[in-house]
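I have placed the structure first, in the form of structure tokens, so that the comments after it can refer back to it.
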Amino acid sequence: MDEKSILKRLRNRDEKAFEEIIDLYSAYVTAIVRNLLSSKGTREDVEEVVTDTFISLWNTVERINYEEYSSIKAYIAVIARNKAKDWLRNAKMQNLQLMDDILIIDNSVEQLVVQREQQRIIARILEQLKPLDWKIFVAYYYQYKKVNEIAQELQVNPQTVKTRLRRGREVLKRFLIKEGYGSNAD
């Protein structure tokens with residue numbers, strides 16, 4: 001499959017191209033959504049989020065940035081992840097465990113092993129953060145709370161929350177690079 005030609009057809013609202021995309025990636029999208037919803041959603045909920053993912057693709061196909069996404073598969077993965085997160089927020093099922101799978105880029109065994117190791121590293125790093133930083137990081141990235149909501153709950157300035165999130169990301173990035181994930185060029 002030539003992704004550029006199928007994307008061009010999709011942008012021209014070719015329903016056959018859309019059906020091809022669904023046939024090619026429905027199992028992949030289902031795996032992402034099922035993994036994120038895990039025991040929090042029913043089979044019907046997973047199907048609904050998968051459907052919403054493809055509808056969103058159809059509605060936003062003209063926005064695919066070739067520089068940012070190397071393939072339609074990567075773009076669909078981002079949509080699926082975001083739709084699953086939206087479902088979790090709307091269902092008030094916001095408390096993900098630190099080891100829950102947040103990203104699934106490829107459903108290969110190797111990728112899953114790497115992802116699990118990254119999760120262990122992230123959990124170890126988060127344990128090293130100051131208690132307030134840990135609360136902020138977990139509230140924002142695992143409970144999907146907004147900056148203002150976190151600031152109000154913890155009785156701090158929203159700018160403090162943003163600063164601590166930035167510092168936490170910097171610590172996380174340094175540790176991941178040290179462990180061999182990513183590069184210094186990022």
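Summary table
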{"item": "R0 of 41 Å, Cβ-Cβ distance Ala27-Glu149: FRET efficiency to nearest 0.05", "result": "0.70"}
{"item": "Hz values of 3J(HN,Hα) by residue in segment 125-130 - Karplus curve (6.51, -1.76, 1.60), Gly and Pro given as x", "result": "5, 4, 5, 8, 6, 4"}
{"item": "Rounded FRET efficiency, nearest 0.05, which uses the C-beta distance separating Lys130 from Val78 and R0 of 25 Å", "result": "0.20"}
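Quick note: the coordinates plus some simple rules give every number you see, no bench work behind them. This one's a predicted model, so the numbers in the text were calculated from it and none came from an experiment. Cβ atoms come from the backbone with ideal geometry, glycine included; neighbour counts cover every protein chain shown.
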